[in-house]
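Visitor: So that we are looking at the same thing, I have put the structure below in structure tokens.
The numbers here are math on the coordinates, done by the rules we state, and not lab data. Keep in mind that what you see is a predicted model, and the values were worked out from it rather than measured. Because the Cβ atoms are built from the backbone with ideal geometry, glycine has one as well, and the counts that use them run over all protein chains shown.
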Amino acid sequence: MEAQVAYTRLRSTIRQRNMLAIAGLILCLGTVLQSYMLMTRQERVILTPTLRSDAAMTADAPSAEYLEQTTRDVASLFLNRHPHNLSYFRDNILRLAHPTSHGEIEAALIATERRLLATKSSTVFYPSEIFVDPVGLHSEIRGELHTYLGPDRVKSKRAIYAADWRYGSMRLWLEDFYPITADEAEASTAPLLQRGEVPQ
């Protein structure tokens with residue numbers, strides 16, 4: 001009787017040992033596989049070489065650096081216009097336009113395109129200063145706007161443009177881009193002014 005009990009206990013102990021051994025082997029294999037994946041994983045880093053520092057997006061507002069870069073890009077798309085690149089620039093601007101402003105912005109772009117085609121003119125903008133207000137979702141850019149008829153420059157002027165933005169679901173949308181006067185500008189002449197801190 002005692003031998004039978006001892007045999008039963010031995011079988012139970014062996015079964016438990018085998019289960020623990022299998023569990024340990026599974027854990028060991030999992031650790032090895034995880035280590036292999038970590039060692040061979042390729043990291044993807046998105047680089048923006050034109051930014052002066054890291055750009056960040058929070059649920060409340062874009063960073064000043066990101067708004068500065070986007071303002072510069074939008075100004076380039078709006079103001080560096082040539083009869084050969086009108087449709088390309090229009091398509092890229094409309095990707096940034098908020099749905100509620102899409103039709104109005106598209107109509108303004110088409111009107112500008114017709115004028116440039118009719119006069120066979122082109123424009124080039126040289127930015128010099130950018131003001132951003134991430135909290136108020138407003139930015140301004142100053143620079144020189146040159147107008148050309150063929151290869152000849154026929155007009156140059158200092159110009160200021162403002163951009164209004166909408167921010168939601170971690171995405172920045174363009175609502176409007178328009179010329180303003182120095183009296184209407186919110187910025188002084190500093191290259192980058194930030195009114196208020198971005199909420200953390």
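Visitor: Using the Kirkwood radius over Cα pairs, work out the Stokes-Einstein diffusion coefficient for region 70-144 at 20 °C and 1.002 mPa s, in µm²/s as a whole number.
Guide: Values: Rh = 13.3 Å.
The estimated diffusion coefficient comes to 162 µm²/s.
Visitor: Over the Cα atoms of region 116-169, how large are the radius of gyration and the largest Cα-Cα distance (Dmax), in Å?
Guide: When restricted to the Cα atoms of region 116-169, Rg and Dmax are 14.9, 46 Å.
Visitor: Separate question: Between Ala108 and Leu29, with labels modelled 7 Å along Cα→Cβ, what's the label distance in nm to one decimal, could you check?
Guide: Taking the two extended label points, one gets 6.3 nm.
Visitor: Moving on to the next point. About its Cα centre, what dipole magnitude does region 64-180 give when the only charges are +1 on Lys and Arg Cβ and -1 on Asp and Glu Cβ, stated in debye to the nearest 20? Write out the running numbers ahead of the final one.
Guide: On the way: 14 positive and 15 negative charges, 108 e Å.
Roughly 520 debye, rounded to the nearest 20.
Visitor: Students often check this: by mean Cβ neighbours within 10 Å, which of 71-79, 114-122 ranks highest, and how do the rest follow? Write down the numbers at each step before the final one.
Guide: Numbers: 71-79: 20.0, 114-122: 12.9.
In decreasing order of mean packing, 71-79, 114-122 become 71-79, 114-122.
Visitor: Also: Take peptides 131-138, 169-176, 153-160 and line them up by average Cβ neighbours within 10 Å, highest first, as a rough protection proxy.
Guide: Details: 131-138: 20.5, 169-176: 14.6, 153-160: 12.5.
Taking the mean over residues of other Cβ atoms within 10 Å, the ranking is 131-138, 169-176, 153-160.
Visitor: At a Förster radius of 35 Å, what calculated FRET efficiency corresponds to the Cβ-Cβ distance of Thr181 and Asp91, to the nearest 0.05?
Guide: 0.70
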